[in-house]
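The values are calculated or read from the model by the stated rules, or taken from the named source; none is laboratory data. Since the model is a prediction, treat every value here as computed from it, not as a measurement. Here the Cβ positions follow ideal geometry from the backbone for every residue, glycine too, while neighbour counts run over all protein chains shown. Just the protein is used for accessible areas: all its heavy atoms, side chains included, with ligands, DNA and RNA removed. Shrake-Rupley method; radii C 1.70, N 1.55, O 1.52, S 1.80 Å.
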Amino acid sequence: MLKNISKVLILLFLFTTLNIPIASASSFSDIPYTHPHSDAISYLQSNNIIQGYEDNTFRPDNLINRVEFLKIVLESTNVPLDVTESTGFSDIDENQWYGPYVKKAKKEGWVQGYPDNTFKPLNKINKIEALKILGEVQGWDKLALGEVPEAAFEDTYRFSWYSPYVHFAKENELLFEETTILNPGQEITRSYMAEIVYRSIVQQVILYKPGQTVEDKIEDVKEIATPDTFETIDATFFDNMVLDNNIPNTFYLNEVYEINGTLITTNSYDTIFAFLAKKNGTSYDYIHMVGEIEGKDFRIPILFNKPGEYQLGIIPGTAGESNIISITVLDGIPQEGEAINSTKSSNLDIKFENDKTKISWDGNGNDISRVYFYQDDTVHYNILRNAEEYKLHYKDFKNFKEGEVCFKVFGAKASSLKPVILDSKWSQSDEKCFEAVTHNFRLSLDDSINYSSIPEVLPFNKTISVSGSTSINIFADGAVITPSGIVDKFIINTTAELGSYFGNDIIQANSTFNFSYKPLNAGTYILEVNDQGGSAVLN
């Protein structure tokens, strides 16, 4: 049982152990030990990712150009330079040192060049261009443009092409800006380059692995032994509820763990949620997971999709206090046992009902399951203990495309599930395939704006016209995600005087507005209006 119980006050917003490289002091004469990026520069130098100049300097404040940055990113990701086809860029001398890097990047679609068929190799590279190249080459598991929840910085726009890269870099601590301003168009120095490349290695965000097949990715997963700090949390630990079972303090990456229990309070609640809190500097980042209540009984499925140390709490309603427990999410899967497991999971099935997609299978005596989904070379998995079904989380499939997706279940027998102790090796089921389609929904996320009705179905070649009023500042540009995934913009009109926010026009609070938008093709369109902070108030 944990001691020193602490409580934390949380509000629910319904809309909304690493192997660290160790660096030594750099040998460059102009990079002293006290330099703020000396660890990054030293690590990249010792791993032959960067080189200095003939006079043994690194020149950290020099700006870096497009081909210099591209070379370093490819070197840091171990990309094979195996392309012989010409880039077709009119300003690229493919016999120069940078030729193989540009050819590989162009072939893989990591760079496109400019409309005039040039690459501009010697142009200095700015922050958002650098993040895009880094993210494309490393295969970041980033959000799609329309899924970014809010602007990452005050001077970045949520629906600009760079938004998913900036959001991912900030969320994964690749950036070291200490203010709410990014200066996205600022050209970067060699030391800035070294720091973001180094951090991408430290944070283990690199998904690109040359030549890996789906089978390789399924096999290429770390097995983790249960740590000595394992313990279970008593079912009566949280106030005003009793859980059905004690819960562990140790989980696995991508594990889906369902907490069930009964409320023992006289208050009536329609909502219950759990939160994971991870320390970020002097504050905490929170992840909320909403559960279901029937009478006094509740269930909350919790998805552990990032490794690390967290605080876990449970709160009935949408706000309140909770006792908190410290938990660990291990960066891997449980260690398999020695016995051969000839029992395969069977009867794999998938259903869509009540706005949820659920998969199920017969475990046939297996106690723990790994469910793998795959499409081309894209793979996602979840781990479940003593379960034979679960509802899919749509965000886990952001890197999948519409079309055929297959899944299979790996099962193992265990002598214990708290902690997980596997007696057998993993068995592998037959595969089940299904046709994946895009899931859409509509939300009015904020009562700070009022507006006329918007039709859910619009006849072809008709215009949407909307009018309303706002009690908060909103951007004068709206956004529409078209059926092709491209973001289109429209002007939101007002008779009131416009305000300005970092160079963007703002419709000020207590103003009326109107806008029109005419779809050009059949399909599903997602329309969005954003407040001054970049968060959606209408989606």
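Taking first residues from the range 389-406 that are under 12 Å from T357 (Cα atoms) and partners that are basic (K, R) and open to solvent by 90 Å² or more (accessible area, probe 1.4 Å), the Cβ contacts under 7 Å between residues at least 6 apart in sequence or on separate chains come to K391/K356.
Filtering the range 211-243 to residues that are open to solvent by 70 Å² or more (accessible area, probe 1.4 Å) and either among the aliphatic types (A, V, I, L, M) or over 23 Å from K296 (Cβ atoms) (or both) leaves G211, E215, E219, D220, K222, E223, D228, T229. The single condition from (1) within 23 Å of I72 (Cα to Cα); (2) in a loop (DSSP other than H, G, I, E, B) that V166 fails is (2).
Across the range 269-292, the qualifying residues are those that are in a strand (DSSP E or B), open to solvent by 30 Å² or more (accessible area, probe 1.4 Å) and modelled with pLDDT of 85 or more, and the one among them that is nearest to I314 (Cα to Cα) is V290. In the range 478-500, the residues that are crowded, with 16+ Cβ neighbours inside 10 Å and in a loop (DSSP other than H, G, I, E, B) reach residues that are modelled with pLDDT under 85 and of a type outside the set (V, I, T) with C-beta atoms within less than 8 angstrom, at least six apart or across chains, in these pairs: T482/D488; T482/P519; T482/N521; T482/G523; T482/Y525. Here the range 408-453 is the region considered, the condition is being modelled with pLDDT under 80 and among the aliphatic types (A, V, I, L, M), and the residue that is farthest from F397 (Cα to Cα) is L445.
Against the criterion of being touching a helix residue (DSSP H, G or I) at 6+ places or on another chain (Cβ under 7 Å) and open to solvent by 40 Å² or more (accessible area, probe 1.4 Å), Y208 qualifies.
Here K425, K401, K413, K395 are screened, and the one residue that is touching a strand residue (DSSP E or B) at 6+ places or on another chain (Cβ under 6 Å) and open to solvent by 30 Å² or more (accessible area, probe 1.4 Å) is K413. Taken together, the criteria exclude E85 from residues that are open to solvent by 20 Å² or more (accessible area, probe 1.4 Å) and part of a helix (DSSP H, G or I). Hey, among the residues in the range 100-114 that are farther than 16 Å from E75 by Cβ and among the small types (G, A, S), which one's surrounded by the fewest Cβ atoms within 10 Å (Cβ to Cβ)? Checked the range 100-114; the qualifying residue surrounded by the fewest Cβ atoms within 10 Å (Cβ to Cβ) is G109. On the stretch given as the range 177-190, residues that are touching a helix residue (DSSP H, G or I) at 6+ places or on another chain (Cβ under 9 Å), open to solvent by less than 50 Å² (accessible area, probe 1.4 Å) and not in a helix (DSSP H, G or I) total 4. Looking only at residues in the range 501-530 that are in a strand (DSSP E or B) and among the small types (G, A, S), the one that is surrounded by the most Cβ atoms within 10 Å (Cβ to Cβ) is S511.
Per this entry, P248 is not counted among residues that are within 23 Å of K418 (Cβ to Cβ), out of contact with any Ser or Thr (no Cβ under 7 Å at 6 or more places or on another chain) and buried (at least 19 other Cβ atoms within 10 Å of the Cβ). Scanning the range 293-313 for residues that are under 23 Å from V329 (Cα atoms) and open to solvent by less than 60 Å² (accessible area, probe 1.4 Å) gives I300, P301, I302, L303, F304, P307, G308, Y310, Q311, L312, G313.
Scan the range 355-374 for residues that are crowded, with 20+ Cβ neighbours inside 10 Å and assigned to a strand (DSSP E or B) and the total you get is 9.
Each residue in the range 384-401 was checked for being over 18 Å from the mean Cα position of the chain (by Cα) and of a type outside the set (G, A, S), and 7 of them qualify.
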